[in-house]
Structures are given as C-alpha cells and as structure tokens.
Ligand code: NDP
C-alpha cells in the first residue's frame, strides 16, 4: 500500500494519464481512490495550489496547453489525494510527498560494551502528516544507560530493540508540519522517538514543552525524566529525611548530579563517587556536596566510605551496583534505605554477576532496599515540575550537559556512557 499521503506525479510525463482519469474527481472507487473537494482543508488547498501553480508554469514553459479547468481539477485531485481517502492507486504509481528520514538501527546485539558495529545509520523516506498527524524534526536526542538493556533479547520492563529496526528513546523536537489541531508548527515537543531525525505522531504520549523557561533539551535532563528519577527516587522511594547522610554513586552523571543537589537542599551530608578528578571537582565546587572520591583511584571503596561517613549512611542512592553496593551495605546505619535506581557496572556483563557477598547484613541492620522505575511514578510529574522549576529559577540546581553533534555520532555518545569521560546529561544535537 502506498503511503497515506501522496501528491501528483513528479514526472510530468505521467500527468496526462493522471489528469484524464475521471475517477480522480468523483467518488467512484474504481482505482481504490476517491475524493472530492469536501475532503480538503484550506491549509492543504493552499499548499497544493502553490504546488499546482508551479507545475502549471513548468508545463507552460514546455509549451503544453493547460486549461484553467484542468488546473482546478488537478488541485482538487491532489488535495483529495493528500487527504488520505484511500490508498491503493498503484495504477498511477504516484510518488508520496516525502522527505528523507535518517535513523539509527540496531545492527547486532552486543555481548559486552557496545561497539559502533552494533549500530547502522539508515536512510529512508517519511511522508507528510495525514489528517490528525504532525511531523516533528528532532533537535535533541537522549542517550541513556537503560538502552543497553534493550539491546539484549530478553524480557524486561521495556521490550528489546529489534535487529534491523530503528532504536527509540527520549527526544525533543519541533513540529514542522501539522494536520493535528492540538499541535502547531513551531511547538516544541518531547517524545520517545529518538535515534532519528524526523517522526510522525498523532500526539499520543507526546508532551508540548515551554522552551522559554529553560533550553528545550533540559526536558530530557533536569526537567525531564532524568530529573524526575532523582526526585522520585529520593522522595518517594527513599523517603529522604532532613539532615541525614546520603551516598550517591555515579554522582556526576545525569541522575546522580541532581540527586546530590536535592539531598543538599534537604540539608543532608552528601558523599559522591565518580570516575575522574574533573567530576570530583565539579561535585565539590559546583554541586556543593560535602565529599567526593574517584573510585578508580581508591583501592577499597568500603574503606573510603567508612573514612568519609564514620557515623554511617542513612540513604544510599545506587546507580552502579557491584562493589559500590557492597561497600554501601557495609556502612549503612540500622534502618537505612537503599534506593536501587540502576546498576550500570553490570550492564555489559554477558552473565549476571553474584550479588554482594555481605547481603546478609540487610537483616541485622534492618535495611530497606527498593528498586523503582521512574515511569511507574508519572503521577509525580506536576509536583516534580513545580519544585524543579522553582529550584532552577532560584539557581538552587546546576546541571551539566555533554553534547555530541550529529545523528551519525549518537552510537559513540551512547558507548561513552560506559567508557567515556562524559559529565552530566549525555545528549546528541541534530542540526
Ligand atoms: P549517567 O549520566 O550517570 O552516565 C553513566 C555514568 O555511569 C558514566 O558517566 C560513568 O560515570 C558511570 N559508570 C559507567 N560504567 C560504570 C561502572 N562500570 N562502574 C561505575 N560507574 C560506571 O547515566 P544516568 O544518570 O542516565 O543513569 C544513572 C543510573 O540510573 C544508570 O544505572 C541508569 O540505568 C539508572 N536510571 C534508572 C532509572 C529508573 O527509572 N530506575 C531512570 C534513569 C536512569 P563515572 O565516570 O563517574 O564512572
């Protein structure tokens, strides 16, 4: 079946056959195609009229005689065609009104840290929006550690990416064409159609955002699901109390850096771990946390935590798992809480690693350990946005972005989550 949106043949040689087919202008469904001027909306009419006028001038230049009536018929037929009345007009082989779509596909499944071979940039075509749809051009796409799980062919809380299919993820873009009353050209929207430059939508699951308050890409980071992960994890799952001691792993990352600062706003003592001196400096001097250490330079994370938190930890916000989790359990206070947000240290393992060898201490210390998925807590969106907007306006929260340019470089930006020296939120900017 051709794409729902089609226009007149670009090849002018096809026009006489196309124009002379009376079924185009009636409701007879002889070719599987029908439509009348009632099917058209003014916006379509204007655009296609312009198209038809251009074609008319081209025909006249070629010396063809095109009567006014034929031109009107042409416009009606083209507009009706664009209105997605029906689609099986193979007879005329009309090309669709398309633009080039570039997307990143999963080429193969990694069994360790992903490599560039696991991805493929594919060019395709995307049609103009049909009635009720709008077309978005992505400006920013998000790369996130959870996507590594989707590269595996296994059951999880999100279905796996399919080989040979485009990947998906958070994105912010602008509506560039709309046939949907709720979305206008120029609107900034957040959706889940990342890893590509354009996408069509009916609006389901898509949010309009106000790019006046903060930069549009902040809706993928501090004001988006990333910030909300920190907010929900600390407040709803961890039930963070004023003045406690909080340990955060991957503390300079997208989620961790916000966790650290929300905990500081609650007057907590905050300790962070991160993978480079630059990150440690940012955490101490910009995010304002109490202590931070580079875990690559620490022989024993457990001993380091005991040194930095001699009275113990009330809440551990775990982004890493592995040795960090084991070390945190060792330093937890009785009745402490462990918020399991992510365990990135194991995402590239081909086989699951054994759990912390001191897990039994959960019993003696009466610890509470709870995992969560931010998307289960969307009821928190408005209260999160209210608080976060206020904190941003009052300069209470700072954030960093690591920006990679170009869709073709998105795979490398993703790989850098596991191996690179990125800080804050990892984003890909599309030109
Ligand atoms: P980050 O921006 O923190 O990027 C990942 C960082 O993890 C890297 O920069 C690196 O920082 C650190 N890291 C990578 N590999 C290792 C390793 N082997 N050991 C220790 N640290 C490592 O990502 P996000 O903030 O987006 O995500 C942080 C965590 O939160 C992830 O585990 C993610 O899966 C989870 N998450 C969970 C959500 C939920 O709903 N539960 C929602 C969003 C994220 P460094 O140089 O400091 O080591």
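The values are calculated or read from the model by the stated rules, or taken from the named source; none is laboratory data. The structure presented is a predicted model; accordingly, all values stated were derived computationally and were not measured. Positions of Cβ are generated from backbone atoms using ideal geometry, with glycine treated the same way; all protein chains shown enter the neighbour counts.
Taking each residue of region 204-223 that is more than 20 Å from residue 183 (Cα to Cα) and looking for partners that are modelled with pLDDT of 95 or more and part of a strand (DSSP E or B) with beta-carbon atoms closer than 7 Å, six or more apart or interchain, yields 221/401; 221/425.
When restricted to residues that are at positive phi and within 24 Å of the chain's Cα centre (by Cα), region 243-272 contains 1.
Residues that are closer than 11 Å to residue 247 by Cβ and in contact with a helix residue (DSSP H, G or I) (Cβ under 7 Å, 6 or more places away or on another chain) within region 290-318 comprise 291, 292, 293, 301, 305, 309, 312, 313, 316, 317, 318, listed in sequence order. Got at least one residue in region 385-394 being outside the structural domain of residue 169 (by TED's automatic domain parsing), crowded, with 18+ Cβ neighbours inside 10 Å and closer than 30 Å to residue 107 by Cα? No. Residue 183 falls short of the stated requirement of being farther than 21 Å from residue 397 by Cα, under 15 Å from the mean Cα position of the chain (by Cα) and modelled with pLDDT of 95 or more.
Let's see how each residue does on (1) away from the ligand (no atom under 16 Å from the Cβ); (2) out of contact with any strand residue (DSSP E or B) (no Cβ under 7 Å at 6 or more places or on another chain):
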| position | (1), (2) |
| --- | --- |
| 341 | no, no |
| 358 | yes, yes |
| 362 | yes, no |
| 366 | yes, no |
| 371 | no, no |
| 374 | no, yes |
| 382 | yes, yes |
| 386 | yes, yes |
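For region 343-351, the condition of being more than 10 Å from the ligand (Cβ to nearest atom), more than 24 Å from the chain's Cα centre (by Cα), surrounded by fewer than 17 Cβ atoms within 10 Å (Cβ to Cβ) and without any contact (Cβ under 8 Å) to a residue 24 or more places away in the chain holds for at least one residue. Those helices (runs of 4 or more DSSP H) of region 172-289 in which 2 or more residues are touching a strand residue (DSSP E or B) at 6+ places or on another chain (Cβ under 6 Å) and either within 14 Å of the ligand (Cβ to nearest atom) or over 19 Å from residue 402 (Cα atoms) (or both) occupy 254-265, 277-285.
Take residue 356 and decide whether it is touching a residue at least 12 places away in the same chain (Cβ under 8 Å) and farther than 23 Å from residue 240 by Cα. Yes, satisfied. Scanning region 352-365 for residues that are at pLDDT 95 or above and surrounded by fewer than 12 Cβ atoms within 10 Å (Cβ to Cβ) yields 357, 360, 363, 364.
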